[in-house]
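Trainee: There's a structure below that I have some questions on.
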Amino acid sequence: MSDHSSSAATPAGTATSVLEHPLVDGPVGPGCRKTDPIVIADGVTRQFGGLTAVDVEHVEIPRGQITALIGPNGAGKTTLFNLLTGFDKPNTGTWQFDGKSLAGVSAYKVSRSGMVRTFQLTKSLGRLTVLQNMLLGAQKQKGENLFRALFRALWKGEEADITTKAEELLARFKLDEKSEDYAASLSGGQRKLLEMARALMTNPRLVMLDEPMAGVNPALTQSLLGHIKDLKSEGMSVLFVEHDMHMVRHISDWVIVMAEGKIVAEGPPEKVMEDPAVIDAYLGAHHDTDLGDIDGPNPVEEAEKAAAARHADEHDDHEQKHGKDEA
Amino acid sequence: MDWGNILGNAAGELISPTTAAYALAAIGLNIHFGYTGLLNFGQAAFMLIGAYAFAISVLTFGAPLWVAVLAAFAASILFAFVLGIPTLRLRADYLAIVTIASAEIMRFVVTTTSLTNVTGAANGLSNFSGGFYDINPLPEGRYGFGPFVYSADQWWVRLVGWGIVLLATLLVFLLMRSPWGRVVKAVREDEDAVRALGKNVYSYKMQALVLGGVFGSLAGVIFILPRAVQPANYGTALTFFIWTIMLLGGAATLFGPIIGAMIFWVVLSLTQGILYGLIDVGILSFISTSQAGQIRFILVGLALMLLVIFRPQGIFGNKKELSFSV
Ligand SMILES: Nc1ncnc2c1ncn2[C@@H]1O[C@H](COP(=O)(O)OP(=O)(O)OP(=O)(O)O)[C@@H](O)[C@H]1O
Ligand SMILES: [Mg+2]
């Protein structure tokens, strides 16, 4: 533990010179300040019994950018999501979203304030149709009030509007054919897509996706990456957890690396993979256990490949080739 | 065996006020469990509260009919809050435990002898429905057709009872096709997903608990209009009959509770008629009529088992929905 935090405290300073980046105010490193943060968290810790799942001293999520949160299994990424969105209570810590403190605020209010998350283990509403799942996402519906609900005339127009919007989104996510089917009849990947589309129905300012592409086929992944970039161009901020390094490199503007509950590295995607703290995070967490061979290789390999690609200075070619292999 | 009489009695159950009361209680439970997923195992308590609030208002406070009905409403709303405030934030099973326990507590409270002058203790209460029959607009006399020949008062309680059942059904229809209904159905499927979309799940669960509880309470009032209030009627068995009715008709279906209640009472009446008839003519010599009364409920249990094995979605339920059982 202690040598992790010490290596984290001196990020890239040892090998390379101090990095700077337009998104960052000051030197780049774990917990660095952003020029325009949308989320600022301080001293957030969460313990499960003796295990410290999250221990984040300071982290900022840049506004209007796509930020990837990566780290080995059990690093505390999902727990951090749960804490920030009010689905879990921290032992200590404060955080603010868009200048508004959200510590201790209940999950539905966090969502209403514009910070909307999806779940790693998808939560589709099985005995509702796909379209109903989508409509549920729309905010401030008049018909959701018990008394107004009785009078259809009061909410009919609004219902038509959000239905149009939902159908557009479903088409984008290739679910339009399924809109009248029960969500329970969708495949695992389709449920991921539905959950993401449903989150977008809320018009979030920050969307937090927990492994959005797990189980989605590579062809669709490509087009969804495009959609995530569109979200950015519409002014939305995106924070996503992902194990697939192609995707991370392909779309993220910024990468935050967690290991054993701490932020151990931060940086632009092409730089962060070279960070010794990252390799250490993936190798160090498990490298003397048997498990290391099973869940270690992919990200480590990727980190090494990324570094190699850098050296060979043919980063883009490599990535495209690899993307095709995968498909 | 007098088949005409047996069938006539069974047909009478179709429109009896008791059937209406059970249907209404099941409509309430259907809002709780069928639509919102709340495990309420104390619907009997809501019926008890409605019955006692109505009867006590009239007998102890001399309240007019409408005040007594309002008292039944208010008492059940209060009770729903008492149950819901501590439990609806917790996991679903806590509500189940609390509702079972509080239903039994309510039954013991009204049975306790120290409240005899208010609740009548084990003897219960009677002679409180004068106000209801006073406003009966139907002409005096007995009329009807076939097996359905009743006095004016008997018609009056049937009309009002079934009128309320139909209104409640209409209300459920209007609500469940609305965005409000969409939210409560989503709560049934996954609370956290609904929270993540910015809905106050706790508030929706509370609204559903109150609404279904008010229907249970009104059912309690209809139930006692043609009879006395008897604390023994409000045991856990009553709750389980209401559950049987709801599951029989099909949870989360509009007409399930009504058809479920009709089938439940018709079958009970038929089996009673047939068993008593068989005892009468000496075919069943080894059981007494009181044992026959118990056998009816064994048969109901058996029918429920067969139902969940062969038609788990109930009569109106959608097989497709059930095939992704939760
Ligand atoms: N409810 C819980 N009770 C006890 N321990 C928990 C709980 N939730 C998470 N943990 C522990 O906290 C640590 C962090 O878990 P978390 O789910 O945040 O990891 P993660 O980074 O999302 O991993 P993955 O990439 O596998 O999804 C793990 O060691 C996990 O065992
Ligand atoms: Mg996770």
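The values are calculated or read from the model by the stated rules, or taken from the named source; none is laboratory data. Not measured: the values here are computed from a predicted model. For neighbour counting, all protein chains shown are included, and Cβ atoms are generated from backbone atoms with ideal geometry for every residue, glycine included. What goes into the accessible areas is simple: the full protein's heavy atoms, side chains included, and nothing from ligands, DNA or RNA. Shrake-Rupley method; radii C 1.70, N 1.55, O 1.52, S 1.80 Å.
Trainee: Looking only at region A:87-99, decide whether some residue is more than 10 Å from every other protein chain (Cβ to nearest Cβ), within 15 Å of the chain's Cα centre (by Cα) and basic (Lys, Arg).
Mentor: First, the residues of region A:87-99 that are more than 10 Å from every other protein chain (Cβ to nearest Cβ): A:88-99.
The next check asks that each one be within 15 Å of the chain's Cα centre (by Cα); those that pass are none.
Looking for residues that are more than 10 Å from every other protein chain (Cβ to nearest Cβ), within 15 Å of the chain's Cα centre (by Cα) and basic (Lys, Arg), one finds none in region A:87-99, hence no.
Trainee: Does A:Arg249 satisfy the condition of being over 13 Å from the mean Cα position of the chain (by Cα) and open to solvent by less than 10 Å² (accessible area, probe 1.4 Å)? Working first, answer last.
Mentor: Working: over 13 Å from the mean Cα position of the chain (by Cα): yes; open to solvent by less than 10 Å² (accessible area, probe 1.4 Å): no.
No.
Trainee: Ok, one more. Of the residues B:Gly216, B:Gly212, only one is under 30 Å from B:Ile298 (Cα atoms), within 14 Å of chain A (Cβ to nearest Cβ) and part of a helix (DSSP H, G or I); which?
Mentor: Details: B:Gly216 fails: within 14 Å of chain A (Cβ to nearest Cβ).
Of B:Gly216, B:Gly212, the one residue that is under 30 Å from B:Ile298 (Cα atoms), within 14 Å of chain A (Cβ to nearest Cβ) and part of a helix (DSSP H, G or I) is B:Gly212.
Trainee: Please find, within region B:110-132, the residue that is most open to solvent (accessible area, probe 1.4 Å) out of those that are touching a strand residue (DSSP E or B) at 6+ places or on another chain (Cβ under 9 Å) and small (Gly, Ala, Ser).
Mentor: B:Ser126
Trainee: OK, next. From the list A:Leu194, A:Leu225, exactly one residue is buried (at least 16 other Cβ atoms within 10 Å of the Cβ), farther than 20 Å from A:Ser124 by Cβ, out of contact with any strand residue (DSSP E or B) (no Cβ under 9 Å at 6 or more places or on another chain) and not small (Gly, Ala, Ser). Which is it? Write out each step before concluding.
Mentor: Values: A:Leu194 fails: farther than 20 Å from A:Ser124 by Cβ.
Testing whether each residue is buried (at least 16 other Cβ atoms within 10 Å of the Cβ), farther than 20 Å from A:Ser124 by Cβ, out of contact with any strand residue (DSSP E or B) (no Cβ under 9 Å at 6 or more places or on another chain) and not small (Gly, Ala, Ser) leaves just A:Leu225.
Trainee: Could you check A:Lys123 against (1) in contact (Cβ under 8 Å) with a residue 40 or more places away in the chain; (2) buried (at least 18 other Cβ atoms within 10 Å of the Cβ); (3) away from every other protein chain (no Cβ under 11 Å) and say which number it fails?
Mentor: (3)
Trainee: Hey, any hits in region B:133-146 for a residue that's assigned to a helix (DSSP H, G or I) and surrounded by 14 or more Cβ atoms within 10 Å (Cβ to Cβ)? So that I can check it myself, show each step before the final result.
Mentor: Narrowing region B:133-146 to residues assigned to a helix (DSSP H, G or I): B:133-134.
From what's left, surrounded by 14 or more Cβ atoms within 10 Å (Cβ to Cβ): B:133.
Among the residues of region B:133-146, at least one is assigned to a helix (DSSP H, G or I) and surrounded by 14 or more Cβ atoms within 10 Å (Cβ to Cβ), which makes the answer yes.
Trainee: While we're looking at this one, here's another question. Please go through region A:83-104 and give me each residue that is in a strand (DSSP E or B) and either touching a residue at least 24 places away in the same chain (Cβ under 8 Å) or within 13 Å of ligand 2 (Cβ to nearest atom) (or both), ordered by number. Break it down stepwise before answering.
Mentor: Taking region A:83-104 first, the residues in a strand (DSSP E or B) are A:92-97, A:100-101.
Across region A:83-104, the qualifying residues are A:Thr92, A:Gly93, A:Thr94, A:Trp95, A:Gln96, A:Phe97.
Trainee: I would also like to ask the following. If I go through region A:203-232 residue by residue, how many of them are at positive phi, modelled with pLDDT of 90 or more and within 16 Å of ligand 2 (Cβ to nearest atom)?
Mentor: Residues of region A:203-232 that are at positive phi, as a first pass: A:203, A:211, A:215.
Narrowing the set further to residues that are modelled with pLDDT of 90 or more leaves A:203, A:211.
Filter again for within 16 Å of ligand 2 (Cβ to nearest atom), leaving A:211.
Result for region A:203-232: 1.
Trainee: Look at region B:298-315 and say how many of its residues are in a loop (DSSP other than H, G, I, E, B) and within 22 Å of B:Ser269 (Cα to Cα). Reasoning before the result, please.
Mentor: Our first condition is that a residue be in a loop (DSSP other than H, G, I, E, B); within region B:298-315, this holds for B:311-315.
Then keep just the ones that are within 22 Å of B:Ser269 (Cα to Cα); that gives B:314-315.
Looking only at that region, the number is 2.
Trainee: Tell me, which helices (runs of 4 or more DSSP H) wholly within region A:130-200 include 2 or more residues that are away from chain B (no Cβ under 12 Å) and within 25 Å of A:Val238 (Cβ to Cβ)? Write out each step before concluding.
Mentor: Numbers: elements: A:130-136, A:152-172, A:188-200.
In region A:130-200, A:152-172, A:188-200 are the helices (runs of 4 or more DSSP H) which contain 2 or more residues that are away from chain B (no Cβ under 12 Å) and within 25 Å of A:Val238 (Cβ to Cβ).
Trainee: Out of (1) at pLDDT 90 or above; (2) of a type outside the set (A, V, I, L, M, F, W, C); (3) within 16 Å of ligand 2 (Cβ to nearest atom); (4) more than 29 Å from A:Asp36 (Cβ to Cβ), what's the single condition that is false for A:Arg117?
Mentor: (4)
Trainee: Please work out which residue is most open to solvent (accessible area, probe 1.4 Å), limiting yourself to region B:186-207 and to residues that are in a helix (DSSP H, G or I) and closer than 16 Å to A:Gln141 by Cα.
Mentor: From region B:186-207, those in a helix (DSSP H, G or I) are B:186-189, B:191-196, B:201-207; that's our starting set.
Then drop every residue that is not closer than 16 Å to A:Gln141 by Cα, which leaves B:186, B:194-196, B:201, B:203-204.
Numbers: B:Ala186: 0, B:Val194: 0, B:Arg195: 54, B:Ala196: 5, B:Val201: 3, B:Ser203: 39, B:Tyr204: 24 Å².
Filtering first and then ranking leaves B:Arg195.
Trainee: For the subset of region A:252-272 comprising residues that are of a type in the set (A, V, I, L, M, F, W, C) and within 13 Å of the chain's Cα centre (by Cα), which member is farthest from ligand 1 (Cβ to nearest atom)?
Mentor: Quick first cut of region A:252-272, residues of a type in the set (A, V, I, L, M, F, W, C) only: A:254-259, A:263-265, A:272.
If we keep only those that are within 13 Å of the chain's Cα centre (by Cα) as well, we get A:254-258.
Values: A:Trp254: 18, A:Val255: 15, A:Ile256: 12, A:Val257: 11, A:Met258: 7 Å.
Ranking the qualifying residues of region A:252-272, first place goes to A:Trp254.
Trainee: Here's something else I'd like to know. Tell me the residue from A:Gly71, A:Gly104 that is of a type outside the set (Asp, Glu), assigned by TED's automatic domain parsing to the domain that holds A:Val272 and within 16 Å of ligand 1 (Cβ to nearest atom), please. Steps first, please.
Mentor: Working: A:Gly104 fails: within 16 Å of ligand 1 (Cβ to nearest atom).
Step by step, each of A:Gly71, A:Gly104 is checked, and only A:Gly71 is of a type outside the set (Asp, Glu), assigned by TED's automatic domain parsing to the domain that holds A:Val272 and within 16 Å of ligand 1 (Cβ to nearest atom).
Trainee: Here is a check on your reading of the model: is B:Val210 in contact with a Phe, Trp or Tyr (Cβ under 8 Å, 6 or more places away or on another chain) and open to solvent by 10 Å² or more (accessible area, probe 1.4 Å)?
Mentor: On the way: in contact with a Phe, Trp or Tyr (Cβ under 8 Å, 6 or more places away or on another chain): yes; open to solvent by 10 Å² or more (accessible area, probe 1.4 Å): yes.
For B:Val210, the condition - in contact with a Phe, Trp or Tyr (Cβ under 8 Å, 6 or more places away or on another chain) and open to solvent by 10 Å² or more (accessible area, probe 1.4 Å) - is met.
Trainee: Still on this model: Tell me whether region A:63-82 contains one or more residues that are in contact with a strand residue (DSSP E or B) (Cβ under 9 Å, 6 or more places away or on another chain), within 14 Å of chain B (Cβ to nearest Cβ), open to solvent by 10 Å² or more (accessible area, probe 1.4 Å) and in a helix (DSSP H, G or I). Quick ask: steps written out before the conclusion?
Mentor: If we filter region A:63-82 for residues that are in contact with a strand residue (DSSP E or B) (Cβ under 9 Å, 6 or more places away or on another chain), which is where we start, we get A:63-72, A:74-82.
Cutting the leftovers down to within 14 Å of chain B (Cβ to nearest Cβ) gives us A:78, A:81-82.
Still in the list and also open to solvent by 10 Å² or more (accessible area, probe 1.4 Å): A:78, A:82.
Checking which are in a helix (DSSP H, G or I) leaves us with A:78, A:82.
Checking region A:63-82: at least one residue is in contact with a strand residue (DSSP E or B) (Cβ under 9 Å, 6 or more places away or on another chain), within 14 Å of chain B (Cβ to nearest Cβ), open to solvent by 10 Å² or more (accessible area, probe 1.4 Å) and in a helix (DSSP H, G or I).
Trainee: Still on this structure: Condition test on B:Arg227, is it charged (D, E, K, R) and part of a helix (DSSP H, G or I)?
Mentor: Values: charged (D, E, K, R): yes; part of a helix (DSSP H, G or I): no.
Criteria not met by B:Arg227.
Trainee: Answer yes or no as to whether A:Thr79 is modelled with pLDDT of 90 or more, within 16 Å of ligand 1 (Cβ to nearest atom) and more than 16 Å from the chain's Cα centre (by Cα). First the steps, then the outcome.
Mentor: On the way: modelled with pLDDT of 90 or more: yes; within 16 Å of ligand 1 (Cβ to nearest atom): yes; more than 16 Å from the chain's Cα centre (by Cα): no.
The answer is no for A:Thr79.
Trainee: All but one of (1) within 15 Å of the chain's Cα centre (by Cα); (2) within 13 Å of ligand 1 (Cβ to nearest atom) hold for A:Val56; which doesn't?
Mentor: Here A:Val56 meets the rest and fails (1).
Per-residue answers, yes or no, for (1) within 17 Å of the chain's Cα centre (by Cα); (2) open to solvent by 50 Å² or more (accessible area, probe 1.4 Å); (3) at pLDDT 90 or above:
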position	(1), (2), (3)
A:Leu239	yes, no, yes
A:Asp275	no, no, no
A:Tyr282	no, no, no
A:Asp288	no, yes, no
A:Ala303	no, no, no
A:Glu314	no, yes, no
A:Gly323	no, no, no
